[in-house]
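These notes are about the structure you will find just below.
Throughout, read-outs are computed from the coordinates displayed, never taken from laboratory work. Nothing here was measured: the structure is a model prediction, and the numbers come from that model. For neighbour counting, all protein chains shown are included, and Cβ atoms are generated from backbone atoms with ideal geometry for every residue, glycine included.
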């Protein structure tokens with residue numbers, strides 16, 4: 001399959017790869033939300049970590065991804081898009097915008113869904129840690 | 001001719017380059033010797049028939065068989081269909097439309113060209129046992145013996161597996177079948193032409209193989225059908241002019257058959273030295289890659305395998321993204337991520353290879369033109385790509401932290 005130039009660029013030069021510490025480190029940090037979505041048996045796992053300021057703005061985002069080129073590009077792009085946004089603004093990102101930006105073919109739409117899910121999961125984790133309840137339901141939650 | 005990026009072709013188990021000597025042998029049979037081999041009353045026909053009989057002889061030599069025992073087909077898929085469905089219908093215990101028509105033994109790591117005909121036979125009233133291999137990927141004679149029943153008609157076990165290259169217990173399974181008066185078919189697509197075959201010694205009744213896997217043209221293949229002890233009869237699937245002893249009607253593909261014959265001859269001639277050369281190259285892959293990185297495993301039995309195929313899993317990276325990182329190397333991934341199923345290879349799953357390993361496997365298969373420099377390039381390119389992907393793999397981090405990935409409650413989608 002031929003990938004778009006943007007997918008190739010994210011694959012070769014992924015943005016914001018990394019984490020804010022080991023899984024036990026970040027669990028203890030109230031300013032960090034973690035979303036892990038997907039499963040190894042499906043061939044893709046995305047981990048998104050967000051560092052959120054006290055007023056609810058995403059200061060930094062880091063990702064790790066096990067998956068195909070489209071999955072890597074989708075999560076890399078997600079980190080770029082959510083940085084600087086408030087958590088509520090970040091929740092407005094839709095998978096279809098990712099599909100459009102990266103020119104993903106139909107068989108790769110699930111990669112964009114996964115990226116959207118990882119944003120929701122990371123924000124839900126941060127809110128849970130900080131005792132924030134709201135009306136926006138996360139599609140996926142993960143410890 | 002300008003070649004901007006030279007691709008390294010390590011997908012010889014999928015298909016091979018047609019040998020230029022094969023092409024040369026075929027050329028006269030398009031526009032010069034263009035007769036129909038079935039035309040019995042003029043020289044055009046005789047010349048075509050002579051050419052086919054020379055090819056039949058070349059194919060028979062490769063298998064240590066008699067020329068009359070070779071049926072030319074369109075390829076191994078047709079040969080497998082003809083062998084399995086043709087034998088089942090010919091030797092059925094009860095007529096079409098009834099149940100309990102007979103029992104067939106095969107296994108889950110066969111090619112779809114064997115599995116799907118077997119599944120069709122189930123719908124047509126036969127019973128099929130699908131054996132599972134051990135973690136080494138081998139289908140054993142003991143497993144076949146345990147599955148034998150009084151109404152078993154046919155056993156079909158591939159000689160070497162196409163995805164991992166492991167070798168099943170073929171002469172032993174053949175001997176077992178003959179002792180029990182059961183027919184034995186083997187899909188030898190990854191074996192014949194690469195490894196020695198003697199249908200008597202190896203106790204084979206039906207053997208399928210393909211031209212394009214052994215440096216011949218696509219669209220042609222062969223089926224060995226034993227003529228004595230026992231004389232095997234098959235119900236034809238394609239009826240018509242009665243070509244190929246009535247088992248495969250249709251005007252013969254003269255040029256293709258000539259090329260296939262030449263390809264058989266060349267493989268037979270290069271035999272031992274080519275096997276040794278490929279084995280040395282494959283062993284280099286099998287040792288260098290696990291030495292360069294942690295969590296790398298060669299799938300299937302370490303030694304009981306054909307020289308030209310290896311299948312290696314690179315833990316914590318996904319196969320399709322790995323292929324993207326080695327875009328100047330042509331090979332196959334165990335991942336089926338581009339298909340709708342998202343399922344890793346059924347063969348690797350059959351071996352009990354974990355999901356995160358089955359998703360990240362490469363099949364590297366070598367051939368007549370593979371050089372040591374290409375193998376060295378593959379080793380360094382794969383190592384670089386795996387390291388690039390592991391640097392962004394959450395699974396690699398978790399594994400490094402000592403977390404058991406199989407114990408995590410993943411959110412499947």
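One table, with the values for the structure above:
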| read-out | value |
| --- | --- |
| 4 °C / 1.567 mPa s Stokes-Einstein diffusion coefficient of region B:113-192, Kirkwood radius on C-alpha pairs, µm²/s | 99 |
| Prolate/oblate/rounded call for chain A, Cα gyration tensor, a/c under 1.5 rounded | prolate |
| Residue B:175-residue B:269 pseudo-label distance in nm [points 7 Å out on the Cα-to-Cβ vector] | 3.5 |
| Cα gyration tensor category, rounded, prolate or oblate, for region B:23-74 with a/c compared to 1.5 | oblate |
| Coarse-grained scattering of region B:271-400 at q = 0.22 Å⁻¹, given as base-10 log I(q)/I(0) from a Debye sum over alpha-carbon atoms | -1.40 |
| Number of partner chain Cβ atoms within 10 Å, mean per residue of B:385-394 | 5 |
| Cα shape, the protein assembly as shown, gyration tensor, a/c 1.5 rule | prolate |
| Residue exposure sequence - B:138, B:173 - by fewest surrounding Cβ within 10 Å | B:138, B:173 |
| Projected label distance in nm at residue B:227 and residue B:384, using a 7 Å step from Cα toward the beta-carbon | 5.6 |
| Helical mean residue ellipticity (222 nm; -39500 (n - 2.57) per DSSP H run of 4+; nearest 500) of chain B | -12000 deg cm²/dmol |
| Normalised per residue, the volume of the convex hull around the Cα set of chain B (Å³) | 161 |
| Peptide A:43-56, shielding by other chains (average Cβ, 10 Å cutoff) | 3 |
| Among B:277, B:368, B:201: highest mean-square fluctuation, GNM of chain B, C-alpha pairs under 10 Å | B:201 |
| Taking chain B and dividing mean pair separation by its residue count, relative contact order in percent (alpha carbons under 8 Å, at least six apart) | 21 |
| 20 Å reach of a label modelled at residue A:29, 7 Å along Cα-to-Cβ, counting backbone N of region A:39-67 | A:46-66 |
| Order of A:119, B:167, B:139 under a 10 Å beta carbon neighbour criterion, fewest first | B:167, B:139, A:119 |
| Burial ordering of B:180, B:56, B:40, fewest other beta-carbon atoms within 10 Å first | B:40, B:180, B:56 |
| For residues of B:401-408, the mean tally of beta carbons on other chains within 10 Å | 2 |
| Packing rank of B:61-71, B:151-161, B:15-25, where each peptide gets the mean count of other beta carbons within 10 Å, highest leading | B:151-161, B:61-71, B:15-25 |
| Residue-span extension gain [residue B:124 to residue B:142] - 0.36 nm each, minus C-alpha spacing | 3.7 nm |
